[in-house]
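Report on the structure given below.
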Amino acid sequence: MNKLSKITNIALASVMSAGIANAFGYFKGYGMYDMMGRRSYGLFAGFGIVVLIAILFLFVFWLWMLVDCLKRDFKKDYDKIVWVLVLIFLHILGAIVYYFIVKTAGAKKIEKKK
C-alpha cells in the first residue's frame, strides 16, 4: 500500500470508530462529534455502519448462491435457467429459497451416499 492509501484508511477508521462510540453514548451532549449541533447523529452513523455491513453480507450471500447455481449440474437443462432467473429477479429472497431447496438438499444427498 502506498502512503496515501494508508493515511486514507487511518482517517476512515478513526471517523468510523468515533461514530460507533458516539452511537453507544460515549460522547455526551454537544461536542465535536455531533454533526452540525444535532444530538444523536452518532446513533445514525453507527446504525448506518451496521446496515452497510448487513447489506454487504447479503450481497456476498446472493453472489455465492448465484455462482453455486452456475457451477452446479442439474438433471434438466432448463432447471439451471429457471434458478438463475429466480436468483436474478428475486435477489435475496431467491438466494434464501435456492439455499434451502437446492444447496442443503444437495448436501443431504451427498451425506446419504456415504
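What follows draws every value from the coordinates through simple rules; no lab data is involved. The model shown is predicted, which means the values in this text are computed figures rather than measured ones. Every residue, glycine as well, gets a Cβ built from its backbone with ideal geometry; the counts of neighbours run over all protein chains shown.
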Please go through the range 74-89 and pick out each residue that is closer than 25 Å to A54 by Cβ and in contact with a helix residue (DSSP H, G or I) (Cβ under 7 Å, 6 or more places away or on another chain).
-> W83, V84, V86, L87
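What residue, among those in the range 56-78 that are touching a Lys or Arg at 6+ places or on another chain (Cβ under 9 Å) and assigned to a helix (DSSP H, G or I), is nearest to Y99 (Cα to Cα)?
As a first pass, look at the range 56-78 and keep what is touching a Lys or Arg at 6+ places or on another chain (Cβ under 9 Å): 65, 68-70, 72-74.
Filter once more, so that each one left must be assigned to a helix (DSSP H, G or I): 65, 68-70.
Details: M65: 7, D68: 10, C69: 10, L70: 13 Å.
Checking each candidate, the answer is M65.
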